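A short write-up of the structure that comes next.
The values are calculated or read from the model by the stated rules, or taken from the named source; none is laboratory data. Keep in mind the model is a prediction, meaning the values are calculated, not measured. Quick reminder, even Gly has a Cβ in these numbers, built from the backbone with ideal geometry, and neighbours come from all protein chains shown. Note: accessible area is taken over every heavy atom of the protein model, side chains too, but ligands, DNA and RNA are not part of it. Shrake-Rupley method; radii C 1.70, N 1.55, O 1.52, S 1.80 Å.
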Amino acid sequence: MSTTIAGAPGADAHVRLAHFPVAFFSTVMGLAGLAIALLKASHVLGLAAVIPTAVAAFAALVFLTTAIFYAFKAGRHWHAVTEEFNHPVKINFFPTISISLILFSILALELAPALAGPLLAIGASLHLAFTLAVLNWWFNKQHYETAHLNPAWFIPIVGNVLVPVSAVRLGHVEAAWFFFSIGIVFWGVLFTIIINRVVFHHPLPERLRPTLFIMIAPPAVGFLSWVALSGGIDGFGRVLFYFGLFITLFLATQALHLARIRFFLSWWAYSFPLAAITVAAWTMYERLGGAVFLGLSLVLQTIVIAVVVGLAARTMVAIVRGEVCVPE
């Protein structure tokens with residue numbers, strides 16, 4: 001095969017293209033999440049949205065670039081795409097594509113309203129398709145083992161809970177409830193079996209340990225969707241927010257341990273969940289006020305900025321060194 005010809009012109013680039021992972025779209029989720037957090041902070045504090053707009057534009061550029069590379073991969077190495085989709089772990093990262101589009105619809109509500117509806121329609125429809133495909137894979141494949149289970153399994157199913165954040169504002173209330181119901185019910189199911197996996201079985205492989213941060217996202221995003229659906233902060237909303245905050249505090253105690261892990265693209269699992277709990281904190285401050293919520297929001301905002309900037313820099317270093325897009 002041409003992907004194994006060493007020394008041929010462009011051979012290295014051809015090989016690396018075959019190993020370009022769909023997980024690269026998780027970088028878009030992190031960047032878009034940061035843009036949403038900055039936009040929320042600007043709105044709450046009455047600041048100009050220049051920086052959030054720039055970050056959103058950069059996230060869109062990264063999305064387009066990643067989509068082009070993955071399209072080339074699909075055209076030249078379709079077998080590699082099907083191998084990813086048939087992989088018990090990698091399949092869960094395909095919905096990062098649809099989630100990215102949903103995140104852009106949230107940004108577009110403030111920055112480009114005419115695009116919000118189309119982006120949501122495409123993103124939500126694609127995510128529903130991914131949800132059904134992944135569920136069919138789970139139910140009908142025989143090769144799944146306990147070792148394959150990890151927090152990335154939240155992505156395809158619980159990602160549905162993100163839809164109401166923009167759907168409600170666009171007037172699609174019943175559709176918002178539909179997607180919210182899928183995500184919130186499956187969150188409880190998946191959270192239970194993932195805790196069982198982490199506590200009673202072998203530790204997660206080093207590459208997948210950063211995905212523990214994904215556990216922050218369902219309650220944090222669920223809180224934002226619940227506020228959009230209910231119109232305010234009630235008891236259930238508080239349960240979602242404070243549980244997400246507790247998971248964040250718990251994972252903060254693991255920071256030194258996680259810092260020793262070698263760099264993988266899975267490090268981007270730190271970014272979007274931290275952005276989600278940051279937006280949730282700003283929402284609590286916006287609705288309830290108080291110095292505690294303001295301080296919490298500012299601390300989380302600082303952390304997520306540092307994390308995303310650090311991840312972007314480390315990813316660029318990894319690209320230059322040839323540490324990504326290589327056989328595992």
(request) Would you tell me the accessible area of W226, worked out with a 1.4 angstrom probe on the heavy atoms of the protein chains, in Å² to the nearest 10? (result) 40 Å²
(message) I need the phi-derived Karplus couplings for segment 287-294: 6.51 cos²θ - 1.76 cosθ + 1.60, θ = phi - 60°, integer Hz, Gly and Pro marked x.
(response) 8, 10, x, x, 5, 5, 5, 5
(request) Grab the beta carbon distance between F69 and V292, set R0 = 56 Å, and tell me the FRET efficiency rounded to 0.05. (result) 0.80
(request) Heavy atoms only, probe 1.4 Å: what % of the accessible area of the chain goes to carbon and sulfur, would you let me know? (result) 71 percent
(request) In nm, give the distance between the simple-model label positions of V44 and L135, each being 7 Å from the Cα along the Cα-to-Cβ direction. (result) 3.4 nm
(request) Only loop residues by DSSP count here, and only those with at most 14 other Cβ atoms within 10 Å; note down the trypsin sites (Lys or Arg not before Pro) in segment 113-200 that meet that. (result) K141
(message) Restricting the calculation to Cα positions, tell me the Rg (one decimal) and the Dmax (whole number) of segment 100-243 in Å.
(response) 16.1, 49
(message) Not counting ligands, DNA or RNA, and with a 1.4 Å probe, what is S230's accessible surface area in Å² rounded to the nearest 10?
(response) 60 Å²
(request) Give the accessible area for H87 in Å² (nearest 10); use a 1.4 Å probe, count only protein heavy atoms, and leave out ligands, DNA and RNA. (result) 60 Å²
(message) Compute the distance from the alpha-carbon center of segment 124-154 to that of segment 42-76, in whole Å.
(response) 27 Å
(message) Using a 1.4 angstrom probe on the protein heavy atoms only, could you order V199, V81 from most to least accessible area?
(response) V199, V81
(message) With just the Cα atoms defining each centre, how far is segment 306-328 from segment 167-245? Give it in Å.
(response) 28 Å
(request) Rank these residues by their accessible area, most exposed first, probe 1.4 Å: E286, E84, E174. (result) E174, E286, E84
(request) Express the accessible area of segment 109-221 per residue in Å², computed with a 1.4 Å probe while the remaining protein chains stay in the model. (result) 46 Å²
(request) State, in angstrom, two size descriptors of segment 243-299 derived from its alpha carbons: Rg to one decimal place and Dmax to the nearest whole number. (result) 13.3, 41
(message) Straight-line reach only, C-alpha to C-alpha below 28 angstrom: list the lysines that K90 could link to, leaving out same-chain residues fewer than 8 apart.
(response) K73, K141
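Which order do K90, K73 take by accessible area at a 1.4 Å probe, largest first?
The residues order as K90, K73, largest area first.
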(message) Can you give the log10 of the normalised intensity I(q)/I(0) at q = 0.14 Å⁻¹, computed with Debye over equal Cα scatterers of segment 220-328?
(response) -0.64
